[in-house]
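*Asks:* Pasting a structure here, questions to come.
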Amino acid sequence: MINKTNEVVCFGEILWDVLPSGAKPGGAPMNVAYHLKKFGHDPATITRVGTDERGAALTELLSKQQISTQYIQEDAVYETGVVTATPDDKGNMTYDIKRPVAWDYIELHNEHEALLQDAAYFIFGSLAARNDTSRNTLFTLIEMANKKVVDINLRAPHFNKKIVSDLFAKADILKLNEDELELVTGWFSAYTNIEDRISQIQDHFNIPTLIVTRGADGAMLKQEGTTYSHPGYKVEVADTVGSGDSFLAAYLAKTMEGVPPSDALAFASAVGAFVASKSGAWPEYDVSHIESFHNSVLANTKSMNI
């Protein structure tokens with residue numbers, strides 16, 4: 001097992017996803033941290049909860065998973081985040097994200113600089129940039145960070161073109177889904193071919209590594225001028241909550257292990273599909289489950305979306 005303290009720092013929202021099956025822990029940074037821990041890494045999460053039962057429960061859950069809670073702030077004014085997630089008949093989710101909540105007010109602390117300077121990767125998205133306080137903290141931290149990973153996670157109406165462009169301009173690694181790729185490239189060009197869209201965003205913002213998840217069509221990765229593609233896996237979808245976050249965690253874990261890009265992409269696709277076949281962002285598993293899933297997945301019948 002790899003155990004490098006705080007090799008990855010995740011910034012942003014922490015919340016409860018209220019699903020038809022009940023409330024489950026969520027928030028993209030928290031989800032990425034959960035899965036990185038499963039792969040033997042020791043991430044840190046910079047976020048904020050309310051001084052309420054929901055916040056205490058999230059902190060306790062992280063502690064039980066042996067994920068550091070050192071950088072979780074408490075807010076006596078704003079409550080812990082809540083999202084109502086509603087699936088369609090294919091398991092794809094729509095989200096009603098409450099605002100304002102505690103993670104809109106993440107403060108900059110002196111201890112953050114040393115944390116980020118020691119970390120290999122800093123992961124963040126657009127959602128935590130919807131409020132001035134967390135956005136200002138985020139952009140200050142970006143300047144302290146080493147390799148910046150943008151998991152853009154566009155949720156209307158919680159983003160705008162300027163903020164997205166500013167975040168893309170900082171990215172060493174950018175992950176987005178195909179719908180997000182089409183939306184963003186529409187701001188700058190009339191391209192319709194996915195390879196052209198990827199190249200346009202990568203060249204426009206000078207992004208070394210760009211990953212696009214494509215739902216039932218798998219995923220693509222372009223790095224150092226080479227494009228890698230994976231066709232995806234067939235699964236019976238429970239819901240897609242957190243599947244993209246697990247994909248990113250798996251990709252980074254394999255990248256840190258020195259695995260070739262094509263193999264990292266295949267492993268990430270398997271993890272994302274496995275999580276989509278389970279309810280919620282935090283299914284219980286170990287890496288052997290992914291290997292078993294990989295071997296049996298072709299017998300399943302329904303396409304996933306990440």
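Each reported figure results from applying straightforward, stated rules to the coordinates on display, with no laboratory input. Only a predicted model underlies this, so the values are computations on that prediction, with no experimental measurement involved. We place every Cβ from the backbone using ideal geometry, glycine too, and count neighbours over all the protein chains shown.
*Asks:* Just need a number here: residues in the range 148-181 that are crowded, with 21+ Cβ neighbours inside 10 Å, in contact (Cβ under 8 Å) with a residue 40 or more places away in the chain and not in a strand (DSSP E or B).
*Replies:* Going through the range 148-181 one residue at a time, the tally reaches 2.
*Asks:* Using the structure shown, decide if ILE194 is under 30 Å from ALA114 (Cβ atoms) and either touching a residue at least 24 places away in the same chain (Cβ under 8 Å) or β-branched (Val, Ile, Thr) (or both).
*Replies:* In short, no.
*Asks:* Ok, one more. For the range 111-121, does any single residue satisfy the condition of being surrounded by 15 or more Cβ atoms within 10 Å (Cβ to Cβ), hydroxyl-bearing (Ser, Thr, Tyr) and in contact with a strand residue (DSSP E or B) (Cβ under 6 Å, 6 or more places away or on another chain)?
*Replies:* Among the residues of the range 111-121, at least one is surrounded by 15 or more Cβ atoms within 10 Å (Cβ to Cβ), hydroxyl-bearing (Ser, Thr, Tyr) and in contact with a strand residue (DSSP E or B) (Cβ under 6 Å, 6 or more places away or on another chain), which makes the answer yes.
*Asks:* How about the range 4-62: which of its residues are surrounded by fewer than 24 Cβ atoms within 10 Å (Cβ to Cβ), within 19 Å of the chain's Cα centre (by Cα) and among the charged types (D, E, K, R)?
*Replies:* Matches in the range 4-62: GLU7, LYS24, LYS37, LYS38, ASP42.
*Asks:* Can you tell which of THR69, THR86 is among the hydroxyl-bearing types (Ser, Thr, Tyr), loosely packed, with under 15 Cβ neighbours inside 10 Å and over 20 Å from ARG130 (Cα atoms)?
*Replies:* One residue alone meets the criteria, THR86.
*Asks:* Return the total of residues in the range 256-287 being part of a helix (DSSP H, G or I) and either touching a Pro at 6+ places or on another chain (Cβ under 8 Å) or not hydroxyl-bearing (Ser, Thr, Tyr) (or both).
*Replies:* Residues in the range 256-287 being part of a helix (DSSP H, G or I) and either touching a Pro at 6+ places or on another chain (Cβ under 8 Å) or not hydroxyl-bearing (Ser, Thr, Tyr) (or both): 16 in total.
*Asks:* Follow-up question, since we're still on this one. How about the range 49-147: which helices (runs of 4 or more DSSP H) wholly inside it have at least 3 residues that are closer than 26 Å to ASN160 by Cα and touching a residue at least 60 places away in the same chain (Cβ under 8 Å)?
*Replies:* Fully inside the range 49-147 and qualifying: 132-144.
*Asks:* Run down ASP217, ASP196 and say which single residue is in contact with a helix residue (DSSP H, G or I) (Cβ under 9 Å, 6 or more places away or on another chain), more than 23 Å from ALA28 (Cα to Cα) and either among the polar types (S, T, N, Q) or surrounded by fewer than 22 Cβ atoms within 10 Å (Cβ to Cβ) (or both).
*Replies:* ASP196
*Asks:* Scan the range 229-263 for residues that are under 20 Å from PHE39 (Cβ atoms), surrounded by fewer than 18 Cβ atoms within 10 Å (Cβ to Cβ) and in contact with a strand residue (DSSP E or B) (Cβ under 7 Å, 6 or more places away or on another chain) and report the count.
*Replies:* 1
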